[in-house]
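To start, the structure under review is shown below, and the notes come after it.
The values are calculated or read from the model by the stated rules, or taken from the named source; none is laboratory data. Quick caveat: nothing in here was measured; it's all calculated off a predicted structure. Counting neighbours? That spans all protein chains shown, and the Cβs are built from the backbone with ideal geometry, glycine included.
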Amino acid sequence: MKKKILIIEKIHEDGLKLLDSRKDIEYELVENCETNYLSEKLKDCDAITLRNIDFNKELITAAPKLKIISRHGVGYDNVDLQTAKERNIILAITPKANSVSVAEHVFFMMLNISRGFDIYDTFTREKDFETRTDLDLTKELWNKNILIIGFGRTGKSLIKRCIGFDMNVFVYDPYIEKELIKEYGGKKTDDYKTTIKDMDYVSVHTPLTKETKNMINIEVLNSMKKSSILINTARGGVINEKDLNEALNKNNIFGVGLDVYENEPISLNNPLLKNKKIFLTPHAATHTKECTIRMAKDTVQNIIDFFDNKLEQSNIVKL
Ligand SMILES: NC(=O)c1ccc[n+]([C@@H]2O[C@H](COP(=O)([O-])OP(=O)(O)OC[C@H]3O[C@@H](n4cnc5c(N)ncnc54)[C@H](O)[C@@H]3O)[C@@H](O)[C@H]2O)c1
């Protein structure tokens, strides 16, 4: 009998092409993620690929044959880990696929906010590209302090780019040795609340856990430099959104780049959408063509490797 993969939400076709030569595997793509519909589809599948939907207890229970959840990406806070563990289901991620794209996205945001794209766009059009020498609107990254919170795959990709821009890099990650951070050209801090006060840029790269939820709250935001720029491409909830809006409205920080939100997709009523000091992208840090292909291929390859008993340990999340 053929093994069945349910592809939950579309992935790049280059990933699906890997299955072309496998006569022992079949797959079905589902884009309707409504619980009843999905539960029916899950009944007979051995493996799933998973993007953004919540793969909760109800859905795991609806899949009695499920042996592997292959996440398209690296975060897995949308999976009910407890139930997956009880069922001995393997959870795989694509650790090699996306950290560079996210680090580039952080630079896209930092440069964009620092160089005031919106300001330039508006005034150059209005003034018909008249040269202005009386304005001092934009910032350089050179020689500025940045705090990277979380020094995993993305934090490490980011620091290389920061060093290339001659930034002074500080790192907060209680689980990483200071020697390793030094090798990358950064300085370890054990106290992010004190270090953050002197930072020009702060970029968050931790998972969302009980420990990291709301780690940047109003008290921390109000202690930052008024000229500082904060970026979150990790997970919504690490920065408290209500507090963030308040700090921006009181001009306590200069600008923010957000790719992730407490609730996704973001509600159209969310005041963050209207705040002109926030540069927003819709969880799109990995949405380069190259990265989308890498993620799709690695997601499918993890399932093939699992079926062939050769799934790399480093792609498996310890539950
Ligand atoms: N926007 C996107 O599309 C996108 C893409 C990739 C990753 N992400 C998210 O970015 C985050 C980082 O991804 P990654 O691949 O670098 O993960 P990773 O697991 O490689 O690194 C996470 C790091 O955070 C550190 N950490 C854990 N708790 C911490 C704490 N309390 N304080 C400081 N550091 C702590 C860990 O020690 C680890 O080094 C994750 O939340 C992931 O889901 C988002």
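Summary table
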item: Output for segment 192-215, where each listed residue is hydroxyl-bearing (Ser, Thr, Tyr) and surrounded by 18 or more Cβ atoms within 10 Å (Cβ to Cβ); result: 192, 195, 201, 203, 206, 212
item: Qualifying residue in segment 240-252 (condition: within 12 Å of the ligand (Cβ to nearest atom) and in the same structural domain as residue 165 (by TED's automatic domain parsing)); result: no
item: Set 210, 225: member being away from the ligand (no atom under 12 Å from the Cβ) and among the basic types (Lys, Arg); result: 225
item: Residues satisfying the stated conditions in segment 53-86, i.e. in contact with a Pro (Cβ under 9 Å, 6 or more places away or on another chain) and not aromatic (Phe, Trp, Tyr); result: 74, 75, 77
item: Residue within segment 240-249 that is without any contact (Cβ under 8 Å) to a residue 60 or more places away in the chain and within 18 Å of the chain's Cα centre (by Cα) present; result: yes
item: Close pairs (9 angstrom Cβ cut-off, 6 or more residues apart or separate chains): in a helix (DSSP H, G or I) in segment 189-209, more than 10 Å from the ligand (Cβ to nearest atom) and among the small types (Gly, Ala, Ser) anywhere; result: 193/223; 194/223; 196/223; 196/228; 197/223
item: Residue list for segment 11-23, restricted to those being free of Cβ contacts under 8 Å to residues at least 24 places away in the same chain and either closer than 18 Å to residue 59 by Cβ or not basic (Lys, Arg) (or both); result: 20, 21
item: Where a residue in segment 294-307 is of a type outside the set (A, V, I, L, M) and its partner, wherever it lies, is in a helix (DSSP H, G or I), with Cβ under 7 Å and at least six apart; result: 297/14; 297/15; 299/15; 302/315
item: Residues located in segment 151-177, provided they are within 15 Å of the ligand (Cβ to nearest atom), among the polar types (S, T, N, Q) and free of Cβ contacts under 8 Å to residues at least 60 places away in the same chain; result: 157
item: Identity of the residue in segment 285-302, within 18 Å of residue 102 (Cα to Cα) and hydrophobic (A, V, I, L, M, F, W, C), that ends up surrounded by the most Cβ atoms within 10 Å (Cβ to Cβ); result: 295
item: Filter result (in contact with a strand residue (DSSP E or B) (Cβ under 7 Å, 6 or more places away or on another chain), within 16 Å of the ligand (Cβ to nearest atom) and among the aliphatic types (A, V, I, L, M)) within segment 72-88; result: 79
item: Contacts under 6 angstrom Cβ, first residue in segment 62-87 being under 26 Å from residue 1 (Cβ atoms) and of a type in the set (Gly, Ala, Ser), partner within 16 Å of the ligand (Cβ to nearest atom) and in a helix (DSSP H, G or I), 6 or more apart; result: 70/299; 70/302
item: Filtered residues of segment 62-107 (kept if assigned to a helix (DSSP H, G or I) and either acidic (Asp, Glu) or surrounded by 16 or more Cβ atoms within 10 Å (Cβ to Cβ) (or both)); result: 83, 84, 86, 99, 100, 101, 102, 103, 104, 105, 106, 107
item: Residue among 304, 278, 231, 266 that is β-branched (Val, Ile, Thr) and in contact with a Gly (Cβ under 6 Å, 6 or more places away or on another chain); result: 231
item: Matching option when the condition is of a type in the set (A, V, I, L, M, F, W, C) and either within 11 Å of the ligand (Cβ to nearest atom) or at pLDDT below 95 (or both), among 180, 91, 111; result: 180
item: Selection status of residue 137, assigned by TED's automatic domain parsing to the domain that holds residue 264, over 21 Å from residue 258 (Cβ atoms), surrounded by fewer than 18 Cβ atoms within 10 Å (Cβ to Cβ) and away from the ligand (no atom under 11 Å from the Cβ); result: yes
item: Among residues of segment 279-309, those that are assigned to a loop (DSSP other than H, G, I, E, B) and not charged (D, E, K, R), counted; result: 9
